[in-house]
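The values are calculated or read from the model by the stated rules, or taken from the named source; none is laboratory data. These numbers come from a predicted model, not from an experiment. Cβ placement follows ideal geometry from the backbone for every residue including glycine, while neighbour counts extend to all protein chains displayed. Side chains included, ligands, DNA and RNA excluded: accessible areas come from the protein's heavy atoms. Shrake-Rupley method; radii C 1.70, N 1.55, O 1.52, S 1.80 Å.
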Amino acid sequence: GLSVGVRIRDVVKREIVTGLLVGLAIAALFLPVALWQWDYDVAVAAALALLAACSMATLVAMLLPWLLSRAGKDPAFGSGPLATVVQDLSSILLYFGIVVLIVG
């Protein structure tokens, strides 16, 4: 959308809502299975980490191309492997951070 003139303002709210809804759906589907397999703290930590990771992935997928566009670079570079690496690294950090906070 950036390459054809779509403003970031026009998509931010929809993207944030989409990321949260996808995260909530995945966490809600995962939580009962996790409760069956593990104790309560681990299950809740994993479900919250999934919610956070899905939301973060949506934000990265939206913001990285926009930042590259603002820097005068081709925004397409931010929607491929670079976005995947940033999303994966942020997801791992979120998983470990949430687990450390909840499980200890």
Expressed per residue, the solvent accessible area of the chain in Å² (1.4 Å probe) is about 66
Among (i) 15.1, 47; (ii) 13.4, 40; (iii) 16.0, 50, the entry matching Rg and Dmax of the Cα atoms in Å as calculated here is (iii)
In whole angstrom, largest first, the equivalent ellipsoid semi-axes that the Cα gyration tensor gives for segment 9-57 are 26, 9, 5
For ALA61, the net charge from surrounding residues (Cβ-Cβ under 13 Å; K, R +1; D, E -1) works out to -1
In nanometres, the difference between 0.36 nm per residue of separation and the alpha-carbon distance of ALA76 and ASP10 is 21.9 nm
Rounded to the nearest 10 degrees, the helix 40-70 long axis (Cα) sits at an angle to the longest Cα principal axis of the chain of 0
Whole-percent carbon and sulfur contribution to the accessible surface of the chain (1.4 Å, no ligands, DNA or RNA) stands at 72
Under a Gaussian network model of the chain whose springs join Cα atoms within less than 10 Å, the largest fluctuation of ALA34, ALA47, ALA57 belongs to ALA34
